[in-house]
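Accompanying notes for the structure given below.
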Amino acid sequence: METEEGIRLRKPTPIKTKREEEEEGRRDGGEAGVDIRNCNKEMMNVEEEPLSPAARLFHEPNFNLHIVAIMGCKTRIYPEVFKANLPHTLLRHPRFSSLLVVDEKNEGKMKWVRTEVDLDKHIIIPDLDPNMESPDQFVEDYIYNLSKTTIDKSKPLWDLHLLNLKTSEAEGTGIFRVHHSLGDGTSLMSLLLACTRQISNPEALPTIPVKKKKNDDKRVFNRGFWWVLKFFWNTFADVFMFMLTALCLEDTKTPLKGPPGSEFNPRRFVYQTLSLDDMKLIKNAMNLALADMMEKNTEAKWGNWIGYVLLPFTIALRDDPLDYIREAKTTIDRKKHSLEAIYTFSIAELVLKLFGIKRASALSHRIISHTTMCFSNLVGPLEEIGFYGHPMAFLAPSSYGQPHALVINFQSYINKMTIVLSVDEETIPDPHLLCDDIVQSLNLIKEAVVARGLVK
């Protein structure tokens, strides 16, 4: 186990500006590292900035979302190391050093206003008994109780809870909580990873999987007309279903579907870590594509860029477990040839501009309430990383405040995949059983693949 002095020596280099990263990228040949490319000098120097439409949406009473990232550390957590490093990394981003201010003289418009950050108000270190009987249950209950609260708006909308308590998976646990108005999951995960460094090379940023492009121009040209026709038809059909869902179409009532008001209930967060190799085995056997890659040298703007993709699932018992995979693959393949996410984002933005934040919030809430659950996945680094020198055992992101009674997140890290459930216990009283069932389902599918000799 590393000492505090050893971890101090692993102090990461400060987050670089866009120009510095571009120069470094040219020298290194464009490696796919995690950085904050859009947090440029102009953004750094802005003292006041109005909230984006999506950010305002997340401050509506029925859509008050918080993102939670549970981080397991392989060593004891040293709070002073975090306090020493945060000003050089996380706090350089204006969202994490700005207050949310409501301008009553200007029709109650919200804006971000830069302020001095008192880290003692953001870093919470509870006094814990290291010899308690059930440390895993304590951490779970701690996060559950955290979901009963919101972040105090008299300070920037984030906090970090450091629990020096040995559990079955980690020597210490950090809970990073951020209000969703600060950014979407991809933006916040990119920022979080930018505060980490590779354990094997403390000066290097984490790297993420890069999607390899296929050069098949002739084939694309030959099928171009039908591909475009199919693309437009899928988009039209998906947007039409989106509008029907907003108006009247609603999922069948099931034990997983939450009742009205579920967004106000606390959440139980449970998670399990699986082998990413097992998932890749199924992927190769069934000719699937894991959503664990990104385009090389792409730049995503900071903010809340959220569109909806409605995924229909048939509730039925199958004799062949691989039938579930085949049906899901058919649905996903079709959704890949559609602009549903872009158009649904544009529709929500148009409603907000034409009818105001209340109508836009009601539309988003109605669509989510008419569906059963939410899926989300985020890509993680390929190598072991350290958060300010603390080696990370796992990373489990999730959220609370949404109308769904069940939210499932997938987070890759090295050769592992963590499945995270955010559950309203009034709807799903035993979330651990549900998580076990999901893991067992994956094992059954893997066994079926191996038994039929489908492994490639």
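The values are calculated or read from the model by the stated rules, or taken from the named source; none is laboratory data. For clarity, every value in this text was computed on a predicted model and none was experimentally measured. A quick note on method: Cβ atoms are made from the backbone with ideal geometry, for glycine too, and the neighbour counts reach across all protein chains shown.
Select from the range 310-362 the residues that are in contact (Cβ under 8 Å) with a residue 12 or more places away in the chain and of a type in the set (Val, Ile, Thr) and list them in ascending order.
Result: Thr314, Ile315, Ile325, Thr331, Ile332, Ile342, Thr344, Ile347, Val351, Ile357.
Taking only the range 239-255 into account, find how many residues are polar (S, T, N, Q) and either farther than 12 Å from Thr371 by Cβ or surrounded by fewer than 14 Cβ atoms within 10 Å (Cβ to Cβ) (or both).
Of the residues in the range 239-255, the ones polar (S, T, N, Q) are 245, 252, 254.
Filter once more, keeping what is either farther than 12 Å from Thr371 by Cβ or surrounded by fewer than 14 Cβ atoms within 10 Å (Cβ to Cβ) (or both): 252, 254.
Qualifying residue count, the range 239-255: 2.
Suppose we keep only residues that are among the hydrophobic types (A, V, I, L, M, F, W, C) and over 22 Å from the mean Cα position of the chain (by Cα) within the range 83-107. Which one would you say is nearest to Cys195 (Cα to Cα)? Explain how you work it out, then say what you get.
To start, the set of residues in the range 83-107 that are among the hydrophobic types (A, V, I, L, M, F, W, C) comprises 84, 86, 90-91, 96, 99-102.
Those left that are additionally over 22 Å from the mean Cα position of the chain (by Cα): 84, 99-102.
Working: Ala84: 12, Leu99: 22, Leu100: 24, Val101: 27, Val102: 30 Å.
Restricting to residues being among the hydrophobic types (A, V, I, L, M, F, W, C) and over 22 Å from the mean Cα position of the chain (by Cα), the top hit is Ala84.
Does the range 147-159 contain at least one residue that is among the small types (Gly, Ala, Ser), farther than 19 Å from Gly380 by Cβ and not in a loop (DSSP other than H, G, I, E, B)? So that I can check it myself, show each step before the final result.
Start the filter on the range 147-159 by keeping residues that are among the small types (Gly, Ala, Ser), which leaves 147, 154.
Those left that are additionally farther than 19 Å from Gly380 by Cβ: 147, 154.
Okay, now just the ones that are also not in a loop (DSSP other than H, G, I, E, B), so none.
No: zero hits.
Filter the range 263-316 down to residues that are modelled with pLDDT under 85 and polar (S, T, N, Q) and give me whichever is nearest to Asp436 (Cα to Cα).
If we take residues in the range 263-316 being modelled with pLDDT under 85 and polar (S, T, N, Q), then Thr314 is nearest to Asp436 (Cα to Cα).
Would you call Lys166 modelled with pLDDT of 90 or more, surrounded by fewer than 17 Cβ atoms within 10 Å (Cβ to Cβ) and closer than 27 Å to Glu384 by Cα? Break it down into steps so the answer makes sense when it comes.
Details: modelled with pLDDT of 90 or more: yes; surrounded by fewer than 17 Cβ atoms within 10 Å (Cβ to Cβ): yes; closer than 27 Å to Glu384 by Cα: yes.
Yes, satisfied.
Results for (1) within 21 Å of Arg92 (Cα to Cα); (2) out of contact with any helix residue (DSSP H, G or I) (no Cβ under 8 Å at 6 or more places or on another chain); (3) not β-branched (Val, Ile, Thr), shown as yes or no for each residue.
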site	(1), (2), (3)
Val139	no, yes, no
Thr149	no, yes, no
Lys155	yes, no, yes
Leu163	no, no, yes
Ala170	no, yes, yes
Thr173	no, no, no
Leu188	yes, no, yes
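Search the range 258-271 for residues that are without any contact (Cβ under 8 Å) to a residue 60 or more places away in the chain and under 15 Å from Asn64 (Cα atoms) and pair each with any residue that is part of a strand (DSSP E or B) and of a type outside the set (Ser, Thr, Tyr) when their beta-carbon atoms are under 9 Å apart and the residues are at least 6 apart or on different chains.
Taking only residues 6 or more apart or on different chains, not a single pair turns up.
Restricting attention to the range 136-158, does a residue exist that is of a type in the set (Lys, Arg), surrounded by fewer than 17 Cβ atoms within 10 Å (Cβ to Cβ) and at pLDDT below 95?
If we filter the range 136-158 for residues that are of a type in the set (Lys, Arg), which is where we start, we get 148, 153, 155.
Filter again for surrounded by fewer than 17 Cβ atoms within 10 Å (Cβ to Cβ), leaving 148, 153, 155.
Cutting the leftovers down to at pLDDT below 95 gives us 153.
For the range 136-158, residues of a type in the set (Lys, Arg), surrounded by fewer than 17 Cβ atoms within 10 Å (Cβ to Cβ) and at pLDDT below 95: present.
Can you tell me which residue among Ser338, Ser369, Ser361, Ser398 is polar (S, T, N, Q), touching a Phe, Trp or Tyr at 6+ places or on another chain (Cβ under 6 Å) and closer than 22 Å to Leu247 by Cα?
Working: Ser338 fails: touching a Phe, Trp or Tyr at 6+ places or on another chain (Cβ under 6 Å); Ser369 fails: touching a Phe, Trp or Tyr at 6+ places or on another chain (Cβ under 6 Å); Ser398 fails: closer than 22 Å to Leu247 by Cα.
Among Ser338, Ser369, Ser361, Ser398, only Ser361 is polar (S, T, N, Q), touching a Phe, Trp or Tyr at 6+ places or on another chain (Cβ under 6 Å) and closer than 22 Å to Leu247 by Cα.
Across the range 390-403, what is the total count of residues that are part of a loop (DSSP other than H, G, I, E, B), touching a strand residue (DSSP E or B) at 6+ places or on another chain (Cβ under 7 Å) and either surrounded by 23 or more Cβ atoms within 10 Å (Cβ to Cβ) or of a type in the set (A, V, I, L, M) (or both)? Before the answer, list the steps.
Going through the range 390-403, the residues part of a loop (DSSP other than H, G, I, E, B) turn out to be 401-403.
Those still in the list that are touching a strand residue (DSSP E or B) at 6+ places or on another chain (Cβ under 7 Å) too: 401-402.
Okay, now just the ones that are also either surrounded by 23 or more Cβ atoms within 10 Å (Cβ to Cβ) or of a type in the set (A, V, I, L, M) (or both), so 402.
The total comes to 1.
Looking only at the range 148-207, how many residues end up being closer than 21 Å to Leu65 by Cβ and of a type in the set (Asp, Glu)?
Adding up the residues that qualify gives 3.
For Thr75, indicate whether it is closer than 17 Å to Leu193 by Cα and in contact (Cβ under 8 Å) with a residue 24 or more places away in the chain. Talk me through it step by step, then tell me what you get.
On the way: closer than 17 Å to Leu193 by Cα: no; in contact (Cβ under 8 Å) with a residue 24 or more places away in the chain: yes.
The answer is no for Thr75.
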